[in-house]
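What follows is a set of notes on a single structure, which appears directly below.
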Amino acid sequence: MSRAPGIAARFIAGLSWADLPAEVVAKAKLCFADTLAAAIAGRAASSSAIAAGLAASWWPAGEAHLLLDGGAVAGVGAAFANAVAANALDIDDCGIYTWGHPGAQVVPTALALAEQEHLDGHGLLTAIVVGYEVAFRAGRCLNFELTKVAAAERRFRACGSWGSPACAGIACNVRGLDAETTSQALGIAEYHSPDLPMMRDVDSPAMVKHGVGVGALTGILAADLAARGFTGIVPSLELEEFADFVADFGSFYLLPRGITWKRYSSCAWTHPALLAIDGLVARHGFAAGDVAHVLIETYPDAVRLGTRPPATTEEAQFNLAWPVAAFLVDGEVGPRQVLEERLAAPAIREMAGRIEVRVSEELSRLYYLSEANDSAGKDAASVTVTLRDGRVVSSGTVEHVLYPDPPWDAAEMTAKFTWLTTPHLRPAARDRITDLVGAIDEVADVREFTEELCAALLPVQSPRKGKA
């Protein structure tokens, strides 16, 4: 079946390093550093070990690397397993229009295929830009009807759904497939994309999370099928009803203003409350032992995360009380606070038991406006803390500004990279790896970079449970 390719396919097939504006390159480099750090930190999660073990079993030979242990596998296996690791601790980025996490699919897919094809840093970053730009617009098409639904009962598909065509776009760009073949790959990826009922995982958190590994796998599969002559449906990115969403491909890049980076290792719906409690502690100087009660008022999706005592890292991440309690006790919410080893900590568990969550009608109204991309909307929470000495302090409405995120500079991203990767890198190699990541555009062969990175990784310690 032959058809004229749309603007998305033409963008994917035609984009080269020379086309990229400086601000897009700068943002792509920071996105690479952020997602790589998340994947390295994610090595500590059990889900990462399981995914890497499967990749080594199913795809045992190749020129790409598993970040878990440095094992060499086929590109599709590395993309799958490293995507699972990148999303394992919920410290990876969020993207405009996606309602989720683009980087955890885009960067592992681009990195694995760049290794396999021996691309240089320019080729890697170009593929990353393709992935993000497709992800934003594919997510917008997929989620369009949901933006009209202002109700807690709405259902949406998690990230691997729109991530499948995004990863297909990456594979097509890396392989140099023409626009006609790329159009077919986008249709194959969308048709085969996983359903991923996100709110069911919120209700019973499990390793499936956002389905990013399957999104990477489906996208690469789609590109390979298309290259062999397999055909697909007309992708949403080429449908007339979404023409306005894609008309600016190549002339306007969403990446510089479409990414939010995370400072907390938990679901983004917890971040307004975390920002609120952070501000209260900074202003009033109280400690965890001073707190008698915490009331969090916010929107239904955040309240649905609940307050159950977590038994797994996924339950800790998809939880509203646990991250707030962990912040009050430890002063941060990073990998350590959500991995199983810390989940039995008496101080955090006791603090979590003092936290109450409640839906606010006004914050719900503002939230649904923000989900519909209305500039009047806000992703916000209000936190009231009752102290043991009788004082009551309130944050007022605190917004988690998503897009555009208050800009990070290279120094801030380096600090996050160091925070997440220090426990995983050999001390003598830490500065060298950090420098290489910051200059990824200067790398002559991505595979050589990844080999050096894997040689610098410390062995992963088996997850331990029940320790404080």
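The values are calculated or read from the model by the stated rules, or taken from the named source; none is laboratory data. Keep in mind the model is a prediction, meaning the values are calculated, not measured. Glycine also receives a Cβ, built like all others from the backbone with ideal geometry; neighbour counts cover every protein chain displayed. Only protein heavy atoms, including side chains, enter the accessible area calculation; ligands, DNA and RNA are left aside. Shrake-Rupley method; radii C 1.70, N 1.55, O 1.52, S 1.80 Å.
Laid out as a table, the results:
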item	result
Residues located in segment 20-50, provided they are outside any loop (DSSP other than H, G, I, E, B) and over 17 Å from the mean Cα position of the chain (by Cα)	22, 23, 24, 25, 26, 46, 49, 50
Segment 174-201 - residue that is among the hydrophobic types (A, V, I, L, M, F, W, C) and farther than 22 Å from residue 126 by Cα and, of those, surrounded by the most Cβ atoms within 10 Å (Cβ to Cβ)	188
Scope segment 47-71; condition among the charged types (D, E, K, R) and under 22 Å from residue 335 (Cβ atoms); matching residues	69
Selection from segment 1-19 of residues that are over 23 Å from the mean Cα position of the chain (by Cα), assigned to a helix (DSSP H, G or I) and more than 17 Å from residue 111 (Cα to Cα)	7, 9, 10, 11, 13, 14, 18, 19
For residue 365: the one exception among (1) surrounded by fewer than 17 Cβ atoms within 10 Å (Cβ to Cβ); (2) in contact with a helix residue (DSSP H, G or I) (Cβ under 9 Å, 6 or more places away or on another chain); (3) over 24 Å from residue 89 (Cβ atoms)	(2)
Enumeration of residues in segment 65-106 that are polar (S, T, N, Q) and within 15 Å of residue 136 (Cβ to Cβ)	98, 105
Residue identified as of a type outside the set (S, T, N, Q), closer than 30 Å to residue 399 by Cα, open to solvent by 20 Å² or more (accessible area, probe 1.4 Å) and not in a loop (DSSP other than H, G, I, E, B) among 244, 224	244
Residue 257 vs. criteria touching a strand residue (DSSP E or B) at 6+ places or on another chain (Cβ under 9 Å) and open to solvent by 60 Å² or more (accessible area, probe 1.4 Å)	no
Pair list, Cβ < 6 Å and 6+ apart or interchain, from segment 249-272 residues that are more than 20 Å from residue 382 (Cβ to Cβ) to residues that are at pLDDT below 95 and among the charged types (D, E, K, R)	260/405
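Residues are listed down the side, and each one gets a yes or a no for (1) closer than 19 Å to residue 41 by Cβ; (2) surrounded by fewer than 14 Cβ atoms within 10 Å (Cβ to Cβ); (3) of a type in the set (Lys, Arg):
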site: 377; (1), (2), (3): no, no, no
site: 395; (1), (2), (3): no, no, no
site: 407; (1), (2), (3): no, yes, no
site: 417; (1), (2), (3): yes, no, no
site: 420; (1), (2), (3): yes, no, no
site: 423; (1), (2), (3): yes, no, no
site: 426; (1), (2), (3): yes, yes, yes
site: 431; (1), (2), (3): yes, yes, no
